[in-house]
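All of the numbers you see were taken from the coordinates with simple rules; none came from a lab. All figures in this text were calculated on a predicted structure; none of them were measured in a lab. Every residue, glycine as well, gets a Cβ built from its backbone with ideal geometry; the counts of neighbours run over all protein chains shown.
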Amino acid sequence: MNIHEYQAKAVLKEFGAPVSAGKAVFSVDEAEAAAKELGGPLWVVKSQIHAGGRGKGKFKEPEAGEKGGVRLAKSVEEVKTFVGQMLGNTLVTVQTGPAGKQVNRIYIEDGSDIEREFYLSALVDRATSRVAFVVSTEGGMDIEEVAHSTPEKILTFSIDPATGVMPHHGRTVARALGLSGDLAKQAGSLVEKLYAAFVAKDMAMLEINPLIVTKDGQLKCLDAKVSFDSNALYRHPDVVALRDVTEEDEKEIEASKHDLAYIALDGTIGCMVNGAGLAMATMDIIKLYGEEPANFLDVGGGASKEKVTAAFKIITADPNVQGILVNIFGGIMKCDVIAEGVIAAVKEVGLKVPLVVRLEGTNVELGKKILNESGLNVISADDLDDAAQKIVKAVRG
């Protein structure tokens, strides 16, 4: 689960991390009050969407002005103007795709006098099963580009969960960023606080870009991006309360209600599969035969008839879907349950696109019998390759 920058900074502030004063606003009137309360003389007006690259982004609407989604204001009137231009308009960045995202909230923050910019992040390193920190002197840059062009400017190290952050970790960060004296001490303290926040809140990723040194010699988190492990949200009702469903796909929200692993994509072939690996293989083979998957959907190993019905309804709710491929290998999941769920869903929502079903495993013959006797226009497939070819052919007419 992702949250907005201002929410991420509030979480980090709980753990003592240094952030600028700021206020989230939802209207021009609120922006005026926030700017006056913060005092200035420099304010940063930041669009709040779940995507990076806001400063370099562009709005679709001409009335939003030529500047990006992050702007410097030198007066209260300028703050009001920028907020009025941004709110309700669509910001397009490298991470939103061409569709962009509508800006529904703005963060007004005190301006900072920047001396240097760095990059610092923490994430779960699957290779070591530890929390790893990534540090670079190239703050404010796209870290992917830094990794590609100048990988020697990136330092990565992991934290042993048995010991937590040790003094040498702080020294490692300070050395990598060229910090000494009091700034080196601040770096050590910051790593401790970020690690504590990461572990306590079950974060999946924490990115500070940029981490700055102000001209009066203070380290500060100028931007913050945080995502949480969705599997651990039951432990954190305070984090769940931060969820902004307007930033999420409606189909993904509905899928989460039924405990379905669903991610919307841009293709035309809807997929319903059990098991993440098989789902990925199904998507790959659809692409191999020249079409694009409309979604990733793993119904899980122990799905009920009701869960399968919900999954099918979510797929058919996507207007881009021109065909559906059901690919089930019945281990824990039984093929007859899938068949009954598909039939129930089709009877409820109808079937306006081709449907290819490949069943294999537990109760496969019963599952096929249920589908064959249903009267539905279902195309049966013998294996995954056969299923992919048939659905691509059906979609192409």
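Does anyone have the angle between helix 181-200 and the longest principal axis of the chain? Alpha-carbon axes, 0 to 90°, nearest 10?
The answer is roughly 30 degrees.
Can you work out D for the chain in µm² s⁻¹ from Stokes-Einstein, where Rh is the Kirkwood radius over C-alpha pairs, the temperature is 10 °C and the viscosity is 1.306 mPa s? Display every interim value, and only then the final one.
Values: Rh = 23.7 Å.
The diffusion coefficient I find is 67 µm²/s.
Given H placed 1.01 Å from N in the peptide plane, which residues other than close sequence neighbours of Asp125 have an amide H under 5 Å from its amide H?
Long-range HN contacts for Asp125: Arg130, Val131, Ala132.
Mind giving me the FRET efficiency for Ser149 and Asp249? R0 is 41 Å, r the Cβ-Cβ distance, nearest 0.05 is fine. Kindly include the intermediate steps, with their values, before the conclusion.
Working: r = 33 Å, r/R0 = 0.80.
The computed FRET efficiency comes out at 0.80.
Out of the range 330-364, which trypsin sites (Lys or Arg not before Pro) are coil in DSSP terms and have no more than 10 other C-beta atoms within 10 Å?
Filter output for the range 330-364: Lys352.
Using only the alpha-carbon atoms, how far is helix 384-395 inclined from the longest principal axis of the chain? Give it as 0 to 90 degrees, nearest 10.
90
With label points built 7 Å along Cα→Cβ from the Cα atoms of Glu360 and Lys287, find their separation and express it in nm.
Taking the two extended label points, one gets 2.1 nm.
Rounded to the nearest 20 debye, what is the charge dipole size of the range 21-110 about its Cα centre when +1 sits on each Lys and Arg Cβ and -1 on each Asp and Glu Cβ?
On the way: 13 positive and 11 negative charges, 84 e Å.
Rounded to the nearest 20 debye, it is 400 debye.
Along the range 314-319, what does the Karplus equation 6.51 cos²θ - 1.76 cosθ + 1.60 (θ = phi - 60°) give for ³J(HN,Hα), rounded to whole Hz, x for Gly and Pro?
Whole-Hz 3J(HN,Hα) from phi for the range 314-319: 5, 4, 6, 6, 7, x.
What number, in percent, do you get for the relative contact order of the chain if the mean sequence gap of Cα pairs under 8 Å and at least 6 apart is divided by its residue count? Could the numbers behind the result be given before it?
Values: 812 pairs, mean separation 48.2, N = 397.
With pairs under 8 Å counted, the relative contact order is 12 percent.
What size of dipole, in debye to the nearest 20, comes out for the chain about its Cα centre when the only charges are +1 on Lys and Arg C-beta atoms and -1 on Asp and Glu C-beta atoms? Could you put the intermediate results ahead of the total?
Details: 44 positive and 56 negative charges, 43 e Å.
That gives the chain a dipole magnitude of about 200 debye.
By the scheme Lys and Arg +1, Asp and Glu -1, what is the net charge of all other residues having a beta-carbon under 14 Å from that of Ile315? Intermediate results must be reported in sequence, preceding the final value.
Details: positive: Lys251, Lys307, Lys313, Lys352; negative: Asp249, Glu250, Glu252, Glu254, Asp298, Asp318, Glu348.
The answer is -3.
How about the range 211-259: which GluC sites (Glu not before Pro) there lie in a loop by DSSP and see at most 11 other Cβ atoms within 10 Å?
Details: sites: Glu247, Glu248, Glu250, Glu252, Glu254; in loops: Glu248.
When the GluC sites (Glu not before Pro) of the range 211-259 are filtered for loop state and at most 11 Cβ neighbours within 10 Å, nothing remains.
Stretch Ala344-Ser189 to full length: gain in nm at 0.36 nm per residue minus the Cα-Cα span?
Values: separation 155, 0.36 × 155 = 55.80 nm, distance 5.75 nm.
The Ala344-Ser189 span can extend by a further 50.0 nm.
In vacuum, with every alpha carbon of the range 114-239 counted as one equal point scatterer, what does the Debye formula give for log10 I(q)/I(0) at q = 0.15, 0.18, 0.21 Å⁻¹? Two decimals, please.
The Debye formula, applied to the Cα set alone, gives -0.69, -0.98, -1.28.
Of all trypsin sites (Lys or Arg not before Pro) in the range 35-141, which ones are in loop regions per DSSP and have a Cβ with at most 13 other Cβ atoms within 10 Å? It would help to have the intermediate numbers written out before the result.
Working: sites: Lys36, Lys46, Arg54, Lys56, Lys58, Lys60, Lys67, Arg71, Lys74, Lys80, Lys101, Arg105, Arg116, Arg126, Arg130; in loops: Arg54, Lys56, Lys60, Lys67, Lys74, Arg105, Arg126.
Filter output for the range 35-141: Lys56, Lys60, Lys74, Arg126.
For Tyr6, Tyr234, which order do you get if you count the other beta carbons within 10 Å of each Cβ and list the fewest first?
Details: Tyr6 20, Tyr234 9.
The most exposed by this proxy come first: Tyr234, Tyr6.
Using only DSSP helix segments of four residues or longer, with each worth -39500 (n - 2.57), what per-residue ellipticity at 222 nm results for the chain after dividing by its residue count and rounding to 500? Please list the in-between numbers first.
Numbers: 13 runs with 143 residues, N = 397.
So the helix-based figure for the chain works out to -11000 deg cm²/dmol.
Mind giving me the FRET efficiency for Lys393 and Leu278? R0 is 30 Å, r the Cβ-Cβ distance, nearest 0.05 is fine. Kindly include the intermediate steps, with their values, before the conclusion.
Working: r = 21 Å, r/R0 = 0.71.
The computed FRET efficiency comes out at 0.90.
Per residue of the range 127-139, what does 6.51 cos²θ - 1.76 cosθ + 1.60 with θ = phi - 60° give for ³J(HN,Hα)? Whole Hz please, x for Gly and Pro, Karplus curve as stated.
The phi angles translate into 5, 10, 6, 9, 7, 10, 9, 10, 10, 8, 6, 8, x Hz.
Quick one: if the Förster radius is 25 Å, what FRET efficiency do Asp110 and Ser75 give, using the C-beta to C-beta distance and rounding to 0.05?
My answer for the efficiency is 0.95.
Which of Leu206, Ser230, Phe59 sits farthest toward the positive end of the charge dipole of the chain, with +1 on the Cβ of Lys and Arg and -1 on the Cβ of Asp and Glu?
The residue sitting farthest along the positive end of the dipole is Leu206.
For the chain, what proportion of DSSP beta bridges, expressed in % and rounded to the nearest 5, is antiparallel? Spell out each step's value before the answer.
Numbers: 50 of 68 bridges.
Given both bridge residues lie in the chain, the antiparallel proportion sits at roughly 75 percent.
Just name one of Pro167, Val135, His148: the one whose Cα is farthest towards the positive end of the charge dipole of the range 129-170 (beta-carbon charges, Lys/Arg +1, Asp/Glu -1).
Toward the positive end, the furthest listed residue is Pro167.
Among Val308, Gly16, Leu265, whose Cα sits farthest toward the positive end of the charge dipole of the chain (+1 at Cβ of Lys/Arg, -1 at Cβ of Asp/Glu, about the Cα centre)?
Gly16
Between 0 and 90 degrees, rounded to the nearest ten: what's the tilt of helix 76-86 against the longest Cα principal axis of the chain?
10
Taking the Cβ of Gly397 as the center, what net charge do the other residues with Cβ under 15 Å away carry, scoring Lys and Arg +1 and Asp and Glu -1?
Working: positive: Lys352, Lys390, Lys393, Arg396; negative: Glu291.
Around Gly397, the surrounding residues sum to +3.
Students often forget the sequence filter, so: which aspartates and glutamates lie under 20 Å Cα-Cα from Lys193 once same-chain residues fewer than 8 apart are removed?
Qualifying aspartates and glutamates at Cα under 20 Å: Glu5, Glu14, Glu117, Asp125, Asp160, Asp182, Asp202, Glu207, Asp223, Asp229, Asp238.
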